[in-house]
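Structure first, then comments.
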Amino acid sequence: MTLRAGVRGSPQGFPRAARLLKHSDFERVYKLGRRHFSPHMTVFYLPQTVGAAGSASPRIGFTVGRVLGGAVERNRIKRRMREAVRRQRSIMKVPVDVVINPRKSILALEFPLVLVEVGCAFETIEKKLATK
């Protein structure tokens, strides 16, 4: 396995602190958070509480269920979504937990359109949280 140069430890990476990892965090976002619907994904979001894992930066997680296809398709969806989030993460300035639930149609979508959709979702979340 070869690593791409500049990915690990670079500021453009997707560090562990920026990811939503615990099942309890996912459940909290689903139960207490709000939703944003877009054509190819549903985005759940919840502003972070003061003591949420000690982070003041956005944390992002993904759910890709078996309904979306076999392991190969699900892993491809996750790779595409992680890369799109990695590139668009700088849009989010507020401390918020986000769970992205993509639809199967994301596989057929060209990657620049995936970037646009993720960016629009992040901008919408930013606006909605800024008005509160």
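Each reported figure results from applying straightforward, stated rules to the coordinates on display, with no laboratory input. Here the structure is a predicted model, which is why all the values come from computation and not from measurement. Counting neighbours? That spans all protein chains shown, and the Cβs are built from the backbone with ideal geometry, glycine included.
So what is the relative contact order of the chain, in percent, for Cα pairs below 8 Å that sit 6 or more residues apart? Don't skip to the answer; put the middle values down first.
On the way: 166 pairs, mean separation 40.0, N = 132.
Dividing the mean separation by the residue count of the chain yields 30 percent.
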**OP:** Extending each Cα 7 Å along its Cβ direction at LYS31 and THR63, get the distance between those two points in nm, one decimal.
**Re:** 1.3 nm
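Where Lys and Arg each count +1 and Asp and Glu each count -1, what net charge lies around ILE125 among other residues with Cβ under 11 Å from its Cβ? Numbers along the way, then the final one.
Numbers: positive: ARG34, ARG35, LYS93, LYS127, LYS128; negative: ASP97, GLU123, GLU126.
It works out to a net charge of +2.
So what's the net charge close to THR42: Lys and Arg +1, Asp and Glu -1, counting the other residues with Cβ under 9 Å from its Cβ?
Numbers: positive: ARG35, ARG103; negative: none.
Net charge in that neighbourhood comes out at +2.
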Subject >> P(r) of the chain over all Cα-Cα pairs, binned every 5 Å from zero, in whole percent >> reply: 2, 10, 21, 23, 21, 14, 7, 2, 0, 0
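Tell me what the chain gives for mean residue ellipticity at 222 nm when only DSSP H runs of n ≥ 4 count, each as -39,500 (n - 2.57), the sum divided by the residue total, rounded to 500 deg cm²/dmol. Write out the running numbers ahead of the final one.
On the way: 3 runs with 48 residues, N = 132.
Taking each H run of at least 4 residues, the total per residue is -12000 deg cm²/dmol.
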Original post:
From the Cα gyration tensor of segment 67-132, with a ≥ b ≥ c the square roots of its eigenvalues, which class applies: rounded if a/c is under 1.5, or else prolate if a/b is larger than b/c, or else oblate?
Top reply: prolate
